[in-house]
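Asker: Let me begin by handing over the structure; questions about it come next.
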Amino acid sequence: MEETWSCIPTLLLWMIMKRLRFIDNLHLSAVCKHWLNAFHNFPEEEQIPPMSSCNFPWLMITKDHRGSEREFFSPWTKTKFTVDLPEFAKTIVLLSKNGWVLLSTCSDCCKQVPRVFLLNPFTRVKLEMPTLPRVFRAYMPSGISMLEGTPNCVALGDRCLAIAHPGDNAWKIFTVPLEICQPMFFVDRYLYLIDKYYGRVLRFNTIDFTMTKGFMGKEVNQFGIEGNGSYFLQCNKEIIGVCSTTSTGRLTPYGHFSMNGFVDAAWAFYKYSFSKAAWEALADDEIRGKSWFLSNCGAKFASAAEGTTVERVHFLSKLKRRASYWLFSRDLNSLGKDAHSYFGNLSRKSTVWINMG
């Protein structure tokens, strides 16, 4: 039988993969089953060279959530590619972490209780989660715990807290205060739930399922400012609160834009101290050397990329009046200047940040 490119020995494919960028290896894995298998089984002791700016998140653009195509776009490298998977049809993104996407079926399309599952769109591995109780909606706060690069646990919050491992038969359901169930982050064996309006924290032990209240009961914003302009993200094993304020100290929500970008605003960064159960101002050297990524639309993804040469806050926003998505960027060192938009209007297509790994 005449040999074809699909017959290249796995060892030779690995030698090729070591010389390619990450995005090129994704394309390589889509050629045939043999090449996909080589991609999945690349030796752990080796390392596939990362793509340029691999620490930066990508944008996932959905033209029609009922369809199976999703477009991935990197504003930093201007790279774009389309993934067509049947698992994407009639789904919305809840969260992404380390290349995995937590998806929920759209109840309006399926006319049934939303179903949640994990999908790696680049390796095409799918992890099923238990059937949700009927009290849950399509959109809900969520958290993903990782173990050796693979999702170990998923938490969902909607009137109550649900926790399960991939492959479990049922969710474990717990009662928590409704207002606290907003951003949630896994750090070691604990799940931290945060009241996005006041910065109050509830700690949930995923081993013995006990809860420890932090700032519950206080009605004063824990960052010393009035209003609600706080965004939360996880940087390694630290939970960060980012607040937007004007030079006068008055809170300016991140969603307040002029046509050219941010209204005059500065950023205050706080770190949650696990030992003191309190928020502490982040030191300058902890803020610098990173780029920060926030969003007020779709999946509430936020992250920080270390080792970046330009220190900026990047904000993905859905402008309600225009019903369109915009990407804004602001230099941390330039308080008085207008924000710079990387490429302006993203049109009316649904857009969210995606953590590539």
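Asker: Cross-link list Lys33/Lys237; Lys90/Lys290; Lys78/Lys290; Lys97/Lys271; Lys126/Lys290; Lys18/Lys318: which exceed 30 angstrom alpha carbon to alpha carbon?
Answerer: Values: Lys33/Lys237 37 Å; Lys90/Lys290 35 Å; Lys78/Lys290 20 Å; Lys97/Lys271 20 Å; Lys126/Lys290 32 Å; Lys18/Lys318 39 Å.
Long pairs (Cα-Cα over 30 Å): Lys33/Lys237; Lys90/Lys290; Lys126/Lys290; Lys18/Lys318.
Asker: If Lys and Arg each add +1 and Asp and Glu each add -1, what is the summed charge of the other residues whose beta carbon sits under 12 Å from the beta carbon of Phe186?
Answerer: Working: positive: Lys97, Arg189, Arg203, Lys237; negative: Asp188.
Net charge in that neighbourhood comes out at +3.
Asker: Using a 10 Å cut-off on Cβ atoms, rank the peptides 123-133, 230-240 from the highest mean neighbour count down.
Answerer: Ranking, from highest mean packing down: 230-240, 123-133.
Asker: To the nearest 0.05, how large is the calculated FRET efficiency for Ile16 and Asp285 if R₀ is 35 Å and r is the Cβ-Cβ distance?
Answerer: 0.30
Asker: Okay, next question. Note the full-extension length gain between Asp84 and Ala170 as 0.36 nm times their separation in residues minus their Cα-Cα distance, in nm to one decimal.
Answerer: Between Asp84 and Ala170, full extension yields an extra 28.0 nm.
Asker: Another one. Quick one: ranking Glu148, Glu311 by accessible area, 1.4 Å probe, largest first, what do you get?
Answerer: Result, largest first: Glu148, Glu311.
Asker: Whose amide H sits under 5 Å from the amide H of Ser295, counting only residues 5 or more places off or on another chain, with H placed in the peptide plane?
Answerer: Placed amide hydrogens put Leu316 under 5 Å from Ser295.
The values are calculated or read from the model by the stated rules, or taken from the named source; none is laboratory data. This structure is a prediction, so every number in the text was calculated from the model and none was measured. When we count neighbours, we look across all protein chains shown, and the Cβ atoms used for this are built from the backbone with ideal geometry, even at glycine. SASA here: full protein model, heavy atoms, side chains in, ligands and nucleic acids out. Shrake-Rupley method; radii C 1.70, N 1.55, O 1.52, S 1.80 Å.
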